[in-house]
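Right, one structure below, let's go through it.
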Amino acid sequence: MTAQRADIIIIEGKEYPLFTNPLEDYWTEDNPKPPIGLTMTSCWRGYIASWEIKDGSLYLTDITIRTPNGDAGLEYFFPNTTGKIKATWYSGELRIPQGDCLQYVHGGYESVYQTEWFIDVKDGKIVRQRYMSNYAKSLDNRFWECS
């Protein structure tokens, strides 16, 4: 497996890589993923999504995708929609690496960074945030909550 290109998330005006793919939870058996053109080994999902946390909620703001008919954006997945889309379909954990890469892993999002920021989301709403230091010597002291 190859390390994957991250989605992008903007929080308080600052851009971060996002080691989670919330858009994958949007597709279901009743709502299948539209056809995607050529994928790269560094981006198996076939797109890069841009996200924003604003007013305590997660929003999808853009998508860059190569379809069988050429390049497309947000309108390819969400026709008849303009502007950002509240990610009400997503409940889970957002993982945002921060600082230097301490250990590169050539697979998925497995590389280890100085600090990782975890944001818990329920139905598109932010419910909790915490950080993990990868410098800590004891697993018991790796997590702390932020206010």
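What follows is calculated from the coordinates using simple rules that are stated; it is not laboratory data. Everything quoted here is computed from the prediction, not taken from an experiment. Note that we place each Cβ from the backbone using ideal geometry, even for glycine, and neighbour counts take in every protein chain shown.
Rg and Dmax, both from the Cα atoms of segment 7-145 and both in Å, are 16.1, 51. Close amide H pairs (under 5 Å, H built 1.01 Å from N) link Ala87 with Leu58, Tyr59, Leu60, residues at least 5 positions away or on another chain. Neighbours of Thr61, meaning other residues whose beta-carbon lies under 10 angstrom from its beta-carbon, give a summed charge of 0 when Lys and Arg score +1 and Asp and Glu score -1. Scalar couplings 3J(HN,Hα) for segment 49-54, obtained by applying the Karplus form with A = 6.51, B = -1.76, C = 1.60 to θ = phi - 60°, are 9, 10, 10, 8, 9, 9 Hz; x denotes Gly and Pro.
Toward the positive end of the charge dipole of segment 7-145, with +1 on the Cβ of Lys and Arg and -1 on the Cβ of Asp and Glu, the farthest Cα among Gly92, Pro68, Tyr131 is that of Tyr131.
Test of understanding: what is the full-extension gain from Arg128 to Thr81, defined as 0.36 nm times their sequence separation minus their Cα-Cα distance?
So the chain would gain 14.0 nm between Arg128 and Thr81.
Exposure proxy shown here: for Thr81, Thr64, Thr20, the number of other Cβ atoms within 10 Å sets the order, fewest to most, as Thr81, Thr64, Thr20. Rounded to the nearest whole Hz, the Karplus-based 3J(HN,Hα) values (6.51 cos²θ - 1.76 cosθ + 1.60, θ = phi - 60°) of segment 12-25 follow the sequence 6, x, 10, 9, 10, x, 10, 8, 9, 10, x, 5, 4, 6, with x at glycine and proline.
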